[in-house]
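Take a look at the structure set out below.
The values are calculated or read from the model by the stated rules, or taken from the named source; none is laboratory data. Just so we're clear, the structure is a prediction, and the values are computed from it rather than from any experiment. In this analysis, Cβ positions are derived from the backbone assuming ideal geometry, glycine residues included, and neighbour counts consider all displayed protein chains. For accessibility, only protein heavy atoms count, side chains too; no ligands or nucleic acids. Shrake-Rupley method; radii C 1.70, N 1.55, O 1.52, S 1.80 Å.
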Amino acid sequence: QIQLVESGGGLVQDGDSLRLSCVGSGRSFSGYAMGWFRQAPGKEREYVAAINSMGHRPDLADFVKGRFTISRDNSKNTVYLQMNNLKPEDTAVYYCASTMNPFAVTIAQGDVDWWGNGTLVTVSS
């Protein structure tokens, strides 16, 4: 139903900022809640952020509150993750995710309907 393509990852230093983008193609992007997950080497995939279909209820995992912001622009079929004050422990592959539930303000892994292929963020010490 939808294809998700992430971009914006790269190699940065401790304290730097990056903005990740996820562009959705297919039908009814604006009807889906969107989110971000990440997976560090040797670690489990973990929830980072989500935003409902209208962009009204952004939600962040506790460990990124105050540093990361999620937003979306439905006119561009795009969801963003602004990451400030990056730390080495943020190093991971970041995955865009979508659920067909338009009202979801947080997304469990089991509720994800579509995944992007990920973009790598590496933060050096």
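May I ask you to list pairs of residues, at least six apart or on different chains, whose Cβ atoms are under 6 Å apart, with the first in the stretch 35-49 being more than 13 Å from Ile70 (Cβ to Cβ) and the second being assigned to a strand (DSSP E or B) and of a type in the set (S, T, N, Q)?
Correct list of pairs: Arg45/Gln39.
Restricting to the stretch 102-125, name every residue that is in contact with a strand residue (DSSP E or B) (Cβ under 6 Å, 6 or more places away or on another chain), of a type in the set (S, T, N, Q) and modelled with pLDDT under 95.
Matches in the stretch 102-125: Thr106 only.
How many residues, within the stretch 34-50, are of a type in the set (A, V, I, L, M) and either more than 16 Å from Glu6 (Cα to Cα) or open to solvent by 10 Å² or more (accessible area, probe 1.4 Å) (or both)?
1
Going by the structure shown, is Arg27 over 18 Å from Thr106 (Cβ atoms) and at pLDDT below 95?
So Arg27 fits the description; yes.
Is it the case that Leu11 is of a type in the set (A, V, I, L, M, F, W, C) and either farther than 21 Å from Val105 by Cα or in contact with a helix residue (DSSP H, G or I) (Cβ under 9 Å, 6 or more places away or on another chain) (or both)?
Yes.
What number of residues in the stretch 80-125 are within 13 Å of Ala49 (Cβ to Cβ), of a type in the set (Asp, Glu) and either open to solvent by 20 Å² or more (accessible area, probe 1.4 Å) or in contact (Cβ under 8 Å) with a residue 60 or more places away in the chain (or both)?
Residues flagged as within 13 Å of Ala49 (Cβ to Cβ), of a type in the set (Asp, Glu) and either open to solvent by 20 Å² or more (accessible area, probe 1.4 Å) or in contact (Cβ under 8 Å) with a residue 60 or more places away in the chain (or both) within the stretch 80-125 amount to 0.
Considering (1) loosely packed, with under 14 Cβ neighbours inside 10 Å; (2) under 22 Å from Ser125 (Cα atoms), say which one Arg67 fails and leave the rest.
Just one mismatch for Arg67, condition (1).
Scan Gly15, Gly35 and give me the residue that is modelled with pLDDT of 95 or more, of a type outside the set (Ser, Thr, Tyr) and within 18 Å of Asp113 (Cβ to Cβ).
Gly35
Tell me which residues, restricted to the stretch 51-63, are surrounded by fewer than 22 Cβ atoms within 10 Å (Cβ to Cβ), under 12 Å from the mean Cα position of the chain (by Cα) and not in a loop (DSSP other than H, G, I, E, B).
Asp59, Leu60
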